[in-house]
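Comments concern the structure below.
The values are calculated or read from the model by the stated rules, or taken from the named source; none is laboratory data. The shown structure was predicted, so the numbers you read here are calculated from the model rather than taken from an experiment. Reconstructed Cβ throughout: ideal geometry from the backbone, glycine too, with neighbour counts over all protein chains shown.
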Amino acid sequence: MQDLPATEVRTTCPYCGVGCGVLARVAADGNVTVRGDTDHPANFGRLCSKGSALGETTSLEGRLLVPEIGGRETSWDEALDLVARRFSETIEKHGPDSVAFYISGQLLTEDYYVANKLMKGFIGSANIDTNSRLCMASSVAGHRRAFGEDIVPGTYEDLDQADLVVLTGSNTAWCHPILYQRLLAAREARGTKIVVIDPRRTATAEECDLHLAVDPGTDVLLFNGLLAHLDIAGVIDRNFVDSSTTGFAEALSVASAEASSPGAVAAGCGLAEADVRLLYELFAATSRTVTVYSQGVNQSAHGTDKVNAIINCHLATGRIGQPGMGPFSVTGQPNAMGGREVGGLANQLAAHMNFDRPEDVERVERFWSAPAMARQAGLKAVDMFRAAGDGRAKALWVMGTNPAVSMPDSARVRTALKSCEFVVVSDVTRTDTTRYADVLLPAAAWGEKGGTVTNSERRMSRQRPFLPVPGNARADWRIICDVAQRMGFGDAFTYDGPLEIFREHARLSAFENHGDRLFDIGALAEIADAEYEHFPPRHWPQASGEPCAERLLVDGRFPTPDGRARFVAVRQEGVALPVDAKRPIALNSGRLRDQWHTMTRTGRVPRLMANVPAPTLEIAPLDAHRRGLRDGDLAHISSRYGFARARVTVSDNQKPGTAFLPMHWSGHFAANAGAGSLATPLSDPFSGQPELKNVPVRIEREAIA
Ligand code: SF4
């Protein structure tokens, strides 16, 4: 890696899961400018609109700089004493499951690690979940069912080397822009075919070779039909299936019975038969095929089945673990993957261990010398806020996320936050959620703190500070350790910085691991200070004495008890809530190119606000006409959970019977505009991920424009 001038710091973008390298420079007047890091293997110097505006998000306007109790500014000592006392008293009186942490894919791996250690090893509950539950939990569950461990086999290089890329439920052009640019460059170089499967004609679909505008909730049928076609076409890799997998016959039998022909699939998915046949023929004929899937697959009441329907097709053709091929889940957040590595979800343990294996629980317990090891999975996000609302969770700590508007059925979540006995929020700025905090703790922001993040292709990178921590703000890991020490767990939480936490995390990944887990970064367990400081981006695993493993599953062996991957027989289940006469439109939601989550950062940058300055409902011309709606009208959108208002854009990018609302706006920026207020909390039974992509709504013209 090239040496940088002393004025420039190498760090990582804090937005999406592409994980681009950023070089940040602070001018003498305090202004921050950024450019892409040409040495970073995720982006090679490119940045998207959000990344290139990062320098404009570092002002202190609106920052939380001092702890507050009940709105009154106070000292750290008083705030931390109160948090520790209230959590300890609650646990003593009502048991460890009466408290909960709701954390964020914005946290660094080291923050995530100590939060999990505190809750799962020392408090004695697994009631810690992350907003990544809303992002990729279905992929995690699907990977575990198929591979035995939460493994993303692919790398970005596979997209460079593929001849066919199938983007399923992924508006890559807007949500992972640099990855998309990389894909377009590969197409230019080698003629890669791009297929997009998405109910909307997105910016990604505009550029593709084939767009399949599936009806919401029909992905399993489409991929079951593909599995049946691959068998008929004679392209099943019998050697791979026989030597490296189990369950093929049953999965094929279920798929063939359900998806009897491309015509039947087309009718069931709302597609033209010719388009279905073209996809199937392309997939059958192209061995270097990558299937990328993202929130359109994950955010579903049957997201895990969708993931497994996709993986089944790759296992059947042996297209996994080899260059230019494989199923590839791309994550939404900058450190969703890092969170998974340290057990950030309520049903996981650190280092890819799990509660369903007693030997894993005991292994983590031994490593931590944990006095109160949790022995079973805790509350997932939706259930956690239900528990906060009905009094089961009496003390809740929200770290770096804004559930008051981002959770589905957000009105109920706000009621829960209001009624919960004790709410702590640690964050960088005031949000819709901070107004419910009994105690508010100011956290250090991007540019002020250091640690590691892991991107969608398992590549760990450093975030490095280049600004002083303002006011009395503190890094998240330190706030968590400060509370842990006051709760009486001092010895286990006396880290002197993120490096010491990282080393412990790496040691745990290798602890008593006799090769039965792929996640192993034991080679980094004794990483020197200077090496951590200069840490070049690298893939995991990196076992002790081994180089980084760029590619996983090369030898066709999987981390299951018998070393084989598992086909999962999946059936089409449809959507959680179908449209009806009262609510006849299926509302989809998602990201815009220039915005991030609930806009607490990007909403401060005028040039990012300029393109789409207000929430906009995209609706098909026929549906708009029936409601007397025209461009610019104000629409009133209601579901069985709440309502929102947005300006109308009539667009034939929408299929009749569907509409789209961006996820970003909230009460903080525009009253009653949030997609979360409309969304259903109905969730996938395996992953607990809610169905954010399909909400039956009624759309009417708002009387007062
Ligand atoms: Fe940041 Fe993602 Fe844009 Fe890269 S693609 S600059 S990680 S937002």
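Brief remarks follow.
- Number of positions in segment 1-60 that are assigned to a strand (DSSP E or B) and acidic (Asp, Glu): 1
- Hey, Ala586 buried (at least 16 other Cβ atoms within 10 Å of the Cβ), in a loop (DSSP other than H, G, I, E, B) and not basic (Lys, Arg) or not: no
- Subset of segment 442-477 [away from the ligand (no atom under 16 Å from the Cβ), surrounded by fewer than 22 Cβ atoms within 10 Å (Cβ to Cβ) and either basic (Lys, Arg) or free of Cβ contacts under 8 Å to residues at least 24 places away in the same chain (or both)]: Pro468
- Taking segment 212-312 as the region of interest, the helices (runs of 4 or more DSSP H) fully inside it that hold 3 or more residues being outside the structural domain of Ser456 (by TED's automatic domain parsing) and among the acidic types (Asp, Glu) are 273-285.
- Restricting attention to segment 132-180 and to residues that are in a helix (DSSP H, G or I) and in contact with a Cys (Cβ under 8 Å, 6 or more places away or on another chain), the residue that is farthest from the ligand (Cβ to nearest atom) turns out to be Cys175.
- Flag if Pro541 is assigned to a loop (DSSP other than H, G, I, E, B) and not charged (D, E, K, R): yes
- Taken together, Arg583, Arg626 contain a single residue that is more than 28 Å from the chain's Cα centre (by Cα), charged (D, E, K, R) and closer than 21 Å to Thr218 by Cβ, which is Arg583.
- Summed over segment 171-200, residues that are within 23 Å of Glu691 (Cβ to Cβ) and either in contact with a Leu (Cβ under 8 Å, 6 or more places away or on another chain) or without any contact (Cβ under 8 Å) to a residue 60 or more places away in the chain (or both) total 5.
- Test: residue in segment 33-47 that is buried (at least 17 other Cβ atoms within 10 Å of the Cβ), out of contact with any helix residue (DSSP H, G or I) (no Cβ under 6 Å at 6 or more places or on another chain) and of a type in the set (Gly, Ala, Ser): yes
- Within segment 401-432, restricting attention to residues that are farther than 16 Å from Val83 by Cβ and among the polar types (S, T, N, Q), the residue that is farthest from the chain's Cα centre (by Cα) is Ser419.
- Residue match in segment 52-68 (condition: acidic (Asp, Glu) and more than 25 Å from Val453 (Cβ to Cβ)): yes
- Flag if Gly326 is on the phi > 0 side of the Ramachandran plot and surrounded by fewer than 24 Cβ atoms within 10 Å (Cβ to Cβ): no
- Condition broken by Pro334, with the remaining ones in (1) modelled with pLDDT of 95 or more; (2) farther than 22 Å from Leu553 by Cα satisfied: (1)
- Selection status of Pro67, within 11 Å of the ligand (Cβ to nearest atom), closer than 25 Å to Trp397 by Cβ and in contact with a strand residue (DSSP E or B) (Cβ under 8 Å, 6 or more places away or on another chain): no
- The condition (being more than 16 Å from the ligand (Cβ to nearest atom), farther than 22 Å from Ala42 by Cβ and in contact with a strand residue (DSSP E or B) (Cβ under 7 Å, 6 or more places away or on another chain)) is satisfied by just one residue among Ala301, Ala374: Ala301.
- Within the option set Ala203, Ala213, being touching a residue at least 60 places away in the same chain (Cβ under 8 Å), within 15 Å of the ligand (Cβ to nearest atom) and aliphatic (A, V, I, L, M) holds for one residue only, Ala203.
- Selection count where residues are buried (at least 16 other Cβ atoms within 10 Å of the Cβ) and more than 31 Å from the chain's Cα centre (by Cα), scope segment 242-257: 1
- Of the numbered criteria (1) outside the structural domain of Arg478 (by TED's automatic domain parsing); (2) modelled with pLDDT of 95 or more; (3) out of contact with any Asp or Glu (no Cβ under 9 Å at 6 or more places or on another chain), the one Asp81 fails is (1).
- Test: residue in segment 11-27 that is closer than 23 Å to Leu417 by Cα, among the basic types (Lys, Arg) and away from the ligand (no atom under 16 Å from the Cβ): no
- Candidates in segment 642-659 are the residues that are modelled with pLDDT of 95 or more and in a strand (DSSP E or B); of these, the one that is surrounded by the most Cβ atoms within 10 Å (Cβ to Cβ) is Ala659.
- So Gly30, is it more than 8 Å from the ligand (Cβ to nearest atom), at pLDDT below 95 and either closer than 22 Å to Trp596 by Cα or touching a Leu at 6+ places or on another chain (Cβ under 9 Å) (or both): yes
- Note on segment 597-636: residues that are farther than 14 Å from Gly657 by Cα and of a type in the set (A, V, I, L, M, F, W, C) amount to 10.
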